[in-house]
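Novice: First the structure, then my questions, so here it is.
Where a number appears in this text, it was derived from the coordinates with a stated rule and is not lab data. Here the structure is a predicted model, which is why all the values come from computation and not from measurement. Here the Cβ positions follow ideal geometry from the backbone for every residue, glycine too, while neighbour counts run over all protein chains shown.
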């Protein structure tokens, strides 16, 4: 399933809806990207983070060693999942200007 039901890879998808198709990423808001080292999307996520950094977009990239896509969902109480969730919450707080508790 593609964007809003469109066929994946089609040219009908607006270019700005696909980061890989956008040449200039400058001006985007700060980004947090968390991905597992064996996640299906690892390479694309790391490439996107590098492109954001090159465009001077503040970017935090966390690569979790040995983690698969969605690793934190089936094992929410695992120490690595708790740490990853805390990292996401901290990034969101920083982005929204909310002080940590």
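Novice: Quick one: among 32, 84, 41, which has the greatest mean-square fluctuation in a GNM of the chain with alpha-carbon springs under 10 angstrom?
Specialist: Answer for the Gaussian network model of the chain: 41.
Novice: Further question on the same structure: Give, as ranges by residue number, the residues of the stretch 27-51 whose backbone N falls under 19 Å from the point 7 Å along Cα→Cβ of residue 80.
Specialist: Once the point is set 7 Å along Cα→Cβ of residue 80, 33-46 turn out to lie under 19 Å by backbone N, inside the stretch 27-51.
Novice: Next question, about the same structure. Okay, helix-only estimate at 222 nm for the chain: each DSSP H run of n ≥ 4 adds -39500 (n - 2.57), divide by all residues, round to 500 deg cm²/dmol; what do you get?
Specialist: Counting only the DSSP helices, I get -10000 deg cm²/dmol.
Novice: Starting from 0.36 nm per residue, how many nanometres of slack lie between residue 38 and residue 88 once their C-alpha separation is accounted for?
Specialist: Stretched out fully, the residue 38 to residue 88 stretch lengthens by 16.1 nm.
Novice: Another question about this same structure. Which angle from 0 to 90°, rounded to the nearest 10, does the C-alpha axis of helix 42-54 make with the longest principal axis of the chain?
Specialist: 80 degrees
Novice: Suppose each label sits 7 Å from its Cα in the direction of the beta carbon; what would the residue 69-residue 96 distance come out to in nanometres?
Specialist: Those two pseudo-labels are separated by 2.8 nm.
Novice: Taking the chain as the reference, fit the longest principal axis to its C-alpha atoms, fit the long axis of helix 79-96 to the helix C-alpha atoms, and give the angle between the two in degrees, 0 to 90, nearest 10.
Specialist: Orientation of helix 79-96: about 60 degrees from the principal axis.
Novice: Stokes-Einstein at 20 °C, 1.002 mPa s, Kirkwood radius from Cα pairs: D for the chain in µm² s⁻¹?
Specialist: Using the Kirkwood radius from Cα pairs, D works out to 140 µm²/s.
Novice: Another question, if that's okay. Please tell me the relative contact order of the chain in percent, rounded to the nearest whole number, where contacts are Cα pairs under 8 Å and at least six residues apart.
Specialist: Taking the mean separation of contacting Cα pairs over the length of the chain, I get 23 percent.
Novice: What distance in nm lies between label points placed 7 Å from Cα along the C-beta direction at residue 53 and residue 12?
Specialist: Inter-label distance under the simple model: 3.8 nm.
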